[in-house]
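A.B. asks: Attaching a single structure in structure tokens format; questions to follow.
The values are calculated or read from the model by the stated rules, or taken from the named source; none is laboratory data. Bear in mind the structure is a predicted one, so any value in this text is a computation, not a measurement. When we count neighbours, we look across all protein chains shown, and the Cβ atoms used for this are built from the backbone with ideal geometry, even at glycine. The area values use the complete protein model at the heavy-atom level, side chains included, leaving out ligands, DNA and RNA. Shrake-Rupley method; radii C 1.70, N 1.55, O 1.52, S 1.80 Å.
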Amino acid sequence: MVGVKSVPSPAISADERSHEVDHPSSLVAHFGADEPLPLDCGIDLSPFQIAYQTYGELNADRSNAILICHALTGDQHVFNVHPVTGKSGWWDTLVGPGRPLDPQRYFIICANVIGGCMGSTGPASINPATGKVWGLDFPVITIPDMVRAQAMLIDRLGIDTLFAVVGGSMGGMQVLQWTAAYPGRVFSALAIACSTRHSAQNIAFHELGRQAVMADPDWHNGGYADQGIHPHRGLAVARMAAHITYLSDAALHRKFGRRMQDRELPTFSFDADFQVESYLRYQGSSFVERFDANSYLYLTRAMDYFDIAADHGGVLAKAFAGIQTRFCVVSFTSDWLFPTSESRALVHALNASSARVSFAEIETDRGHDAFLLDVPEFFDISRAFLQSAGKARGLTSKDG
């Protein structure tokens, strides 16, 4: 008989995960019925909340604030121990004392996006009108909606202009949306491994992931919370498929090749014979411990809808017309999810709008995830850009 081994159930209980959804282990900004969030779908969301973390201190003239925008599966815990997984912050390669984003120099803010599942209002949150989990009753959100909510948070914090907005992947999309929607509020922008719109290929990969989630019998048309279960198998498969797109063929070959997992010969079964299979299964099973399936559907859809040029008559340069923001655009040679060609298109549009822009294509075989890893050239470029912007901003050496 041929053996089959499925993705295991998560070790973290649903109660542990759901606690962070409405009662996060971070700062929370509450917005009542008198402060609704207007959504692109035509609905005003209220009440709602935004969960966020801050690091460092805001200087006297409030000029050293940096907003970090997280990627699809990130959250606000950019530089602290994650309350669910116990792991260190997801960007502690770039954020920290002596790092390019140094909390001893800057006041760093990172908020969980609207639609997320780590404390900001989303499909996993309780709908105050019903007392039940929102599920698919939650309105579909967009990247502009996320940024609109972040702007309300920045207002709440009493900050008029952000020294910098920084992010990679979906976070980079938010960076670009910030500059297009609030050009006078962003002094500098560091957009990494991203694009001004999602390609057909990326939409296709996201649809594959969504279908994997929705095909799980435990999904229950998005109502799994009412059943006390979670479609962890479908979400794990979605994560496995997506994770492949974050890597490169060279990185997979270097890390795994065709090496066997704890064995010398094939088992002639469907167990994880190869190391790369075991790695993907681990990525899938660990992901479902901290993420909500419906949030995954909503956030991938938000990325798919993103298209800055479409909001400006199809002409990308119009989105940045007359902008004074200083830009640094970074891409990686082995990133096939957001290839360098898309970064160049952005740079050309910025040049056409006479924006101040620098561009760097970093040679690495680490794929799309390179922006999260130890890539010294990326660190050097980020540090130099922020230091140059800091001088132009008039920040002191203590402020940055």
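A.B. asks: Considering segment 223-249 alone, what residues qualify as being among the small types (Gly, Ala, Ser) and part of a helix (DSSP H, G or I)? If you could, list the steps in order and put the result at the bottom.
C.D. replies: Applying the first criterion (among the small types (Gly, Ala, Ser)) to segment 223-249 yields 223, 225, 228, 234, 236, 238, 241-242, 248.
Ala225, Gly234, Ala236, Ala238, Ala241, Ala242 - these are the residues of segment 223-249 that are among the small types (Gly, Ala, Ser) and part of a helix (DSSP H, G or I).
A.B. asks: Looking at (1) in a helix (DSSP H, G or I); (2) within 27 Å of Thr161 (Cβ to Cβ); (3) in contact with a helix residue (DSSP H, G or I) (Cβ under 8 Å, 6 or more places away or on another chain), which one does Ser343 not meet, given that it meets all the others?
C.D. replies: Going through the list (1) in a helix (DSSP H, G or I); (2) within 27 Å of Thr161 (Cβ to Cβ); (3) in contact with a helix residue (DSSP H, G or I) (Cβ under 8 Å, 6 or more places away or on another chain), Ser343 breaks only (3).
A.B. asks: Can you confirm whether segment 108-129 contains a residue that is part of a strand (DSSP E or B), within 23 Å of Val165 (Cβ to Cβ) and of a type in the set (S, T, N, Q)?
C.D. replies: Among the residues of segment 108-129, not one is part of a strand (DSSP E or B), within 23 Å of Val165 (Cβ to Cβ) and of a type in the set (S, T, N, Q), which makes the answer no.
A.B. asks: State the number of residues belonging to segment 350-365 that are open to solvent by 10 Å² or more (accessible area, probe 1.4 Å) and closer than 13 Å to Ala191 by Cβ. Full working, then the answer.
C.D. replies: Restricting attention to segment 350-365, the residues satisfying the condition of being open to solvent by 10 Å² or more (accessible area, probe 1.4 Å) are 351-361, 363-365.
Pick out the ones that are also closer than 13 Å to Ala191 by Cβ and you get 355, 357-360.
Residues flagged as open to solvent by 10 Å² or more (accessible area, probe 1.4 Å) and closer than 13 Å to Ala191 by Cβ within segment 350-365 amount to 5.
A.B. asks: When you look at Ala215, is it under 22 Å from the mean Cα position of the chain (by Cα) and farther than 13 Å from Pro123 by Cβ, yes or no? Step through it out loud before you land on a result.
C.D. replies: Working: under 22 Å from the mean Cα position of the chain (by Cα): no; farther than 13 Å from Pro123 by Cβ: yes.
For Ala215, the condition - under 22 Å from the mean Cα position of the chain (by Cα) and farther than 13 Å from Pro123 by Cβ - is not met.
A.B. asks: May I pose another question? If I filter segment 194-207 down to residues being in a helix (DSSP H, G or I) and under 22 Å from Leu372 (Cβ atoms), which single residue comes out as least open to solvent (accessible area, probe 1.4 Å)? Break it down into steps so the answer makes sense when it comes.
C.D. replies: Taking segment 194-207 as the starting set, the residues that turn out to be in a helix (DSSP H, G or I) are 200-207.
Pick out the ones that are also under 22 Å from Leu372 (Cβ atoms) and you get 201-202, 205-206.
Values: Gln201: 91, Asn202: 3, Phe205: 73, His206: 23 Å².
Among them, the one singled out is Asn202.
A.B. asks: Output the residues belonging to segment 76-102 that are free of Cβ contacts under 8 Å to residues at least 60 places away in the same chain, of a type outside the set (S, T, N, Q), closer than 22 Å to Pro24 by Cα and in a loop (DSSP other than H, G, I, E, B).
C.D. replies: Keep residues of segment 76-102 that are free of Cβ contacts under 8 Å to residues at least 60 places away in the same chain, which gives 76-81, 86-89, 92, 95-98.
After this cut, where a residue has to be of a type outside the set (S, T, N, Q) as well, the list is 77-79, 81, 86-87, 89, 92, 95-98.
Filter once more, so that each one left must be closer than 22 Å to Pro24 by Cα: 77-79, 81, 86-87, 89, 92, 95.
Across segment 76-102, the qualifying residues are His77, Val78, Phe79, Val81, Gly86, Lys87, Gly89, Asp92.
A.B. asks: What is the one condition in (1) closer than 19 Å to Gly167 by Cβ; (2) open to solvent by less than 10 Å² (accessible area, probe 1.4 Å); (3) touching a Pro at 6+ places or on another chain (Cβ under 7 Å) that Gly135 does not satisfy?
C.D. replies: Among (1) closer than 19 Å to Gly167 by Cβ; (2) open to solvent by less than 10 Å² (accessible area, probe 1.4 Å); (3) touching a Pro at 6+ places or on another chain (Cβ under 7 Å), Gly135 violates only (1).
A.B. asks: Kindly check whether there is at least one residue in segment 73-85 that is over 17 Å from the mean Cα position of the chain (by Cα), among the small types (Gly, Ala, Ser) and closer than 23 Å to Leu299 by Cα.
C.D. replies: Looking through segment 73-85, none of the residues is over 17 Å from the mean Cα position of the chain (by Cα), among the small types (Gly, Ala, Ser) and closer than 23 Å to Leu299 by Cα.
A.B. asks: Checking the structure you have, find out if any residue of segment 301-319 is within 26 Å of His70 (Cα to Cα), in contact (Cβ under 8 Å) with a residue 60 or more places away in the chain, among the hydroxyl-bearing types (Ser, Thr, Tyr) and open to solvent by less than 10 Å² (accessible area, probe 1.4 Å).
C.D. replies: There is no residue in segment 301-319 that is within 26 Å of His70 (Cα to Cα), in contact (Cβ under 8 Å) with a residue 60 or more places away in the chain, among the hydroxyl-bearing types (Ser, Thr, Tyr) and open to solvent by less than 10 Å² (accessible area, probe 1.4 Å).
A.B. asks: Could you list, in sequence order, the residues of segment 63-86 that are open to solvent by 50 Å² or more (accessible area, probe 1.4 Å) and touching a Phe, Trp or Tyr at 6+ places or on another chain (Cβ under 8 Å)?
C.D. replies: Phe79
A.B. asks: In segment 140-164, which residues are outside any helix (DSSP H, G or I) and open to solvent by 10 Å² or more (accessible area, probe 1.4 Å)?
C.D. replies: Initially, segment 140-164 is screened for residues outside any helix (DSSP H, G or I), giving 140-142, 157-164.
Val140, Thr142, Leu157, Gly158, Asp160, Thr161 - these are the residues of segment 140-164 that are outside any helix (DSSP H, G or I) and open to solvent by 10 Å² or more (accessible area, probe 1.4 Å).
A.B. asks: Test each condition in (1) surrounded by 23 or more Cβ atoms within 10 Å (Cβ to Cβ); (2) at pLDDT 95 or above for Pro339 and report the one that comes out false.
C.D. replies: Tallying (1) surrounded by 23 or more Cβ atoms within 10 Å (Cβ to Cβ); (2) at pLDDT 95 or above, Pro339 fails exactly one: (1).
A.B. asks: Now a separate question. Filtering segment 366-382 down to residues that are open to solvent by 60 Å² or more (accessible area, probe 1.4 Å) and touching an Asp or Glu at 6+ places or on another chain (Cβ under 9 Å), which residue is farthest from Cys328 (Cα to Cα)? Write out each step before concluding.
C.D. replies: In the first step, residues of segment 366-382 are kept if they are open to solvent by 60 Å² or more (accessible area, probe 1.4 Å); the result is 366, 373-374, 376-377, 380.
Now drop any that are not touching an Asp or Glu at 6+ places or on another chain (Cβ under 9 Å), which leaves 366, 377.
Values: Arg366: 20, Glu377: 14 Å.
Step by step, filter segment 366-382, then rank; the result is Arg366.
A.B. asks: Scan segment 87-110 for residues that are out of contact with any Asp or Glu (no Cβ under 9 Å at 6 or more places or on another chain), crowded, with 24+ Cβ neighbours inside 10 Å and not β-branched (Val, Ile, Thr) and report the count.
C.D. replies: Residues that pass the stated criteria total 3.
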